[in-house]
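Have a look at the structure below before the remarks.
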Amino acid sequence: MRLIKKGLGFTMILILMMGLMSACSKSNEAQTSNTVVSAKDLKDVKIGLSMQTLGAPYFVAQKNGVEKVAKGYGMTVLSVDAQGDMNKQLADVEDLLTKNIDMLILNPQDPKGAVAATKAATKKGVPVFIMDNSISSEADFVTMVQSNNLNNGELVGAWLAGQMAKKEIKLGVLSGNQGNLLGVDRRIGVIKGLVEEQLRQGNQTHFKVVTQGWGAWSQEGGLKAAEDMLVASPDMNVLVAENDSMALGALQAIQHAGKEGQILVLAAADGQKEALALIKEGKYGATGLNDPALVAKTLVDTAVKYYNGDRNIPKLINTAPAVISKSNVDKFYKLDADF
């Protein structure tokens, strides 16, 4: 009996050891299958990039950022420009899908209108990644990567409250385009930051929004909109734009009206180098950090992770917020930057 028991004991130990060796082998296989795909392995991957517009430097820099990072991975990017036209963007995406793209990066022209583009891509088995602008919750997408527009706005609003102290603020708001959720977050953020900081400083608010204009995110649009705002509210003493391009246009309108130095101009977001140069000179108040190259890199890196099998990706990824003013502009200003 003892011999039988010993034999059985040896057999059990042998079985356990074989099981452990098998488990280790499987574990190694799993680790191998989860390793990051190299640039060489991604050389046949095609990304479709649909931009809502290339009419502003920010979007050009974002496109360049996607192409630069993708090239580093060995991937090809097929990019198209909707030129601010939702119907064209839908047609652009349909065309990209006929070219057998492996993933779609979409910078939506309209949060609801672009839903159809995401549905069309998903139907073809192409994963969708939303860049910079927001989109309706009805859309089919893996994740949305953007700067923290609400928090950037809050930081800019708080800076404005500190800058103006107890002086009555007669505020003009220069917005991008109607229905744009990104713009909504930026202006709500500014108002929230302004309210909170004024309450903290003196237990009351002392500002009034006296006018709003729509500048379509461009410098030219900002110039025209600001001209109308100056006529509608000649008492305006602060103008906050939802991006730097429109604010730069507004500065031109203010100069033409002979009110340079009388109206504080600032932006809720971007960090465009031309705006930062003026911040250094004291001719421009502040702006929020919205680095197009960082947004582009974060998105492409995330798309590669997804392509390699990672499904633990949050629905929204924000880059870190910051307010850029004269006190810290040297940290962010880069003369050779695309944007």
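The values are calculated or read from the model by the stated rules, or taken from the named source; none is laboratory data. All values reported here derive from a predicted model rather than from experimental measurement. A quick note on method: Cβ atoms are made from the backbone with ideal geometry, for glycine too, and the neighbour counts reach across all protein chains shown. Protein only, heavy atoms only, side chains kept; ligands, DNA and RNA dropped before computing areas. Shrake-Rupley method; radii C 1.70, N 1.55, O 1.52, S 1.80 Å.
So what are region 128-276's ellipsoid semi-axes, whole angstrom, largest first, if each one is the square root of 5 times an eigenvalue of the alpha-carbon gyration tensor?
Value: 26, 20, 12 Å, ordered largest first.
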The set of residues whose placed amide H lies less than 5 Å from the amide H of THR143, leaving out same-chain residues fewer than 5 positions away, is ILE130
Among ILE263, LEU299, VAL240, the residue whose Cα sits farthest towards the positive end of the charge dipole of region 234-339 (+1 at Cβ of Lys and Arg, -1 at Cβ of Asp and Glu, taken about the Cα centre) is LEU299
Projected convex hull area of the chain, Cα atoms, direction-averaged, in nm², equals 24.8
Projected area averaged over all directions for the convex hull of the alpha carbon atoms of region 202-339, nm², comes out at 11.3
Once the in-chain neighbours fewer than 8 apart are removed, the lysines whose Cα is under 16 Å from LYS123 read LYS99
Along region 157-165, Karplus-curve 3J(HN,Hα) (6.51, -1.76, 1.60; θ = phi - 60°) to the nearest Hz, with x for Gly and Pro, reads x, 5, 4, 4, 4, x, 5, 8, 6
With all protein chains in place and a 1.4 Å probe, ASP85 shows an accessible area in Å² (nearest 10) of 70
Listed by chain and number, the aspartates and glutamates with an alpha carbon less than 17 angstrom from that of LYS124, same-chain partners under 8 positions apart left out, are ASP92, GLU94, ASP95, ASP102, ASP140
If the chain between ASP336 and THR122 were fully extended at 0.36 nm per residue, the gain over the current Cα-Cα distance would be 73.2 nm
D (µm²/s, integer) via Stokes-Einstein for region 207-250, Kirkwood Rh across alpha-carbon pairs, 4 °C, 1.567 mPa s: value 128
Measuring from its Cα centre, the chain shows a charge dipole (+1 at each Lys and Arg Cβ, -1 at each Asp and Glu Cβ) which, in debye to the nearest 20, is 1500
Checked against the positive end of the charge dipole of region 105-214 (+1 on Cβ of Lys and Arg, -1 on Cβ of Asp and Glu, about the Cα centre), the farthest of ILE191, PHE207, PHE141 is PHE207
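How large is the translational diffusion coefficient of region 68-111 in µm² per second when you combine the Kirkwood radius over alpha carbon pairs with Stokes-Einstein at 20 °C and 1.002 mPa s?
Value of D from the Cα-based Kirkwood radius: 187 µm²/s.
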Under a 1.4 Å probe, counting only protein heavy atoms, VAL195 has an accessible area in Å², nearest 10, of 40
Computed over the Cα atoms of region 74-196, the Rg and Dmax in Å are 18.0, 59
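How much of the accessible area of the chain, probe 1.4 Å, is carbon plus sulfur, in whole percent?
With neighbouring chains kept in place, the figure for the chain is 55 percent.
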Net charge near VAL145 (other residues with Cβ under 10 Å of its Cβ; Lys, Arg +1; Asp, Glu -1) is -1
Using alpha carbon centers only, region 285-317 is separated from region 230-279 by a whole-angstrom value of 30
Over all Cα pairs of region 139-225, the Kirkwood radius sets Rh, and Rg/Rh then becomes 1.04
Expressed per residue, the solvent accessible area of the chain in Å² (1.4 Å probe) is about 49
With 0.36 nm assigned to each residue of separation and the Cα-Cα distance removed, ALA277 to ALA320 gains 13.3 nm
